[in-house]
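Heads up: the structure comes next, in structure tokens.
Derivation of every value follows stated rules applied to the coordinates shown; laboratory data play no part. None of these values were measured; they are calculated from a predicted model. Ideal geometry is used to build each Cβ from the backbone, glycine not excepted, and the neighbour counts take in all protein chains shown.
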Amino acid sequence: MPIGLIALALGGFGIGLTEFVIMGLLPEVAADFGVTEASAGWLISGYALAVVVGALGLTAAVTRLDRKPVLAGLLVLFIVGNLLSATAADYWPMMLGRVIAALAHGAFFGIGAVVAADMVAPTKKAGAIALMFTGLTAANVLGVPFGTLLGQAAGWRATFWAITVIGVVALAGILALVPGTAGRKGDAGGLRRELQAFRSGQVWLSIVVTILGFGGMFGAFTYIAYTLTEVSGFASTTVPWLLIIFGVGLFAGNTLGGRAADRNVDRTLLVVLAALSAILVVFALTAANQAVTVASLVLMGGFGFATVPGLQMRVMKYASTAPTLASGANIGAFNVGNALGAWLGGVTITAGLGYTSPIWAGAGITLAGLVVMALAAAKARRSGVVAGGLGNAADSPADPAKPAVREVHAGL
């Protein structure tokens, strides 16, 4: 794989760390600013909402620009946001820093996925996307636990200073290592051409699968600490180590899911979503058993993140003539899924259904995603377009201007 992918992965690592590490530092942040836990929690919710805005708005604004300098500019925005967070004197400057950093998040992953795929041979595109997203999984496996420990030992601001430094290193790496040919201008037509990608029913179906498939896993994961302590009986001090185990599953699933998606996207997504649904059901039924819970954590993380390369690649495939905005929209869809899963899980707990109820809710959401994916795959087969590896002549959609593929670009 090209070394430039490492620079993209490092940027993903820093961005993932920014998103997730604050979950372990909320008590310190709330105490420092003198706000309630709920108010501190808005630093997470505000970030997620800004990711969606950036994924669509910023990506749309830069469709006519070279992608490599755009990625560099997004990292500058990310650095500024984290610098504001590290130096914030009170709550609202901190919120502003979080929002600025989040605006870069969706656009970076959306555009970065296109650049990563452009750097390799057609049969290795999903693997390249998976390698870029390895930075995000590494942020969960290593970054969040160590970032939390750093924040607890040296103050939460030290963690954001460290993230700022990571952003500077990633910026230098992209400028030095990502080839200019991978950052070529978008196709002629700019934003209007990018918007035409959304005429494809398969693009919309893929986005819905992203929301439901990823939302199901996060619905279970958001309240996992309560499940582990209140149902499984683990001590609270063991939760960070259990989350590392979960992160190992994320890492493995992302890598293996990318390899499988390079062979056949739709088949991979159908198998993975079916397996994830089953795993969540088993987890909900056996959460009181500690040994089975540990196994369920690994498998939930593995199959949950095995969907990511395939979901991102599928959207880019069906928006192949103008993939940048569709790719960014799908990054926003991941965060919509996060919010949906977390909200529904919270609703079930508030309703008094217990701490396994978010897992049941996650299983239901994932099953709905599997149904939509099955419909999308069937529609693709009827249209004569099989979602195999990106760039394979037999699998790629034809020119949208040709009458033969009008069915692919029809409504849902």
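List the residues, sorted by chain then number, that are 5 or more residues from Tyr223 or on another chain and whose placed amide H is less than 5 Å from its amide H.
Placed amide hydrogens put nothing under 5 Å from Tyr223.
Tell me whether segment 127-173 comes out rounded, prolate or oblate; compute the Cα gyration tensor, take square roots of the eigenvalues as a ≥ b ≥ c, and use a/c under 1.5 as the rounded threshold.
Here segment 127-173 falls in the oblate category.
Which shape class, rounded, prolate or oblate, goes with the chain when its Cα gyration tensor gives a ≥ b ≥ c as root eigenvalues, a/c under 1.5 marks rounded, and past that a/b bigger than b/c marks prolate?
oblate
For Thr210, Thr255, what ranking results if the residue with the fewest other Cβ atoms within 10 Å of its Cβ goes first?
Thr255, Thr210
Just check segment 259-365 against the gyration tensor rule for me: Cα atoms, a ≥ b ≥ c as the square roots of the eigenvalues, rounded for a/c under 1.5, and otherwise prolate or oblate depending on whether a/b exceeds b/c.
oblate
Would you work out the charge dipole size for segment 1-159 about its Cα centre, treating the Cβ of every Lys and Arg as +1 and the Cβ of every Asp and Glu as -1, and quote it to the nearest 20 debye?
In total the dipole reaches around 560 debye.
Work out from phi, with θ = phi - 60° and the Karplus expression 6.51 cos²θ - 1.76 cosθ + 1.60, the ³J(HN,Hα) of each residue of segment 47-56, listed in order in whole Hz, and give x for Gly and Pro.
4, 4, 5, 5, 4, 4, 4, x, 4, 8
List the residues of segment 336-364 whose backbone N lies under 15 Å from a point placed 7 Å from the Cα of Ala374 along the Cα-to-Cβ direction.
Hits in segment 336-364 for Ala374 at 15 Å: 364.
Using per-residue counts of other Cβ atoms within 10 Å, averaged over each peptide, order 200-208, 291-299 from highest down.
The densest-packed peptide leads the list: 200-208, 291-299.
Could you please rank Leu83, Leu280, placing first whichever residue has the fewest other Cβ atoms within 10 Å of its Cβ?
Leu83, Leu280
Residue-wise, which Karplus ³J(HN,Hα) couplings in Hz belong to segment 231-236, taking 6.51 cos²θ - 1.76 cosθ + 1.60, θ = phi - 60°, and x for glycine or proline?
Each residue of segment 231-236 in turn: 10, 7, x, 6, 5, 4 Hz.
At q = 0.13, 0.15 Å⁻¹, work out log10 I(q)/I(0) for segment 1-186 with the Debye formula, treating every Cα as an identical point scatterer and leaving solvent out; two decimals please.
-0.62, -0.80
Roughly how many Å is it from the Cα centre of segment 94-124 to that of segment 222-301, as a whole number?
If you average the Cα positions of each part, the centres end up 25 Å apart.
Treating only the Cβ atoms of Lys and Arg (+1) and Asp and Glu (-1) as charged, compute the dipole magnitude of the chain about its Cα centre; round to the nearest 20 debye.
1360 debye
For Ser232, which sequence-distant residues (separation of 5 or more, or a different chain) have an amide H within less than 5 Å of its own amide H, given hydrogens modelled in the peptide plane?
Correct list: empty.
Neighbouring Cβ atoms within 10 Å as the yardstick, rank Trp343, Trp360 fewest first.
Listed from fewest to most nearby Cβ atoms, that is Trp343, Trp360.
Report, by chain and number, residues whose modeled amide H sits under 5 Å from the one on Ser200, excluding near sequence neighbours (fewer than 5 apart, same chain).
Counting only residues 5 or more places away or on other chains, the set is empty.
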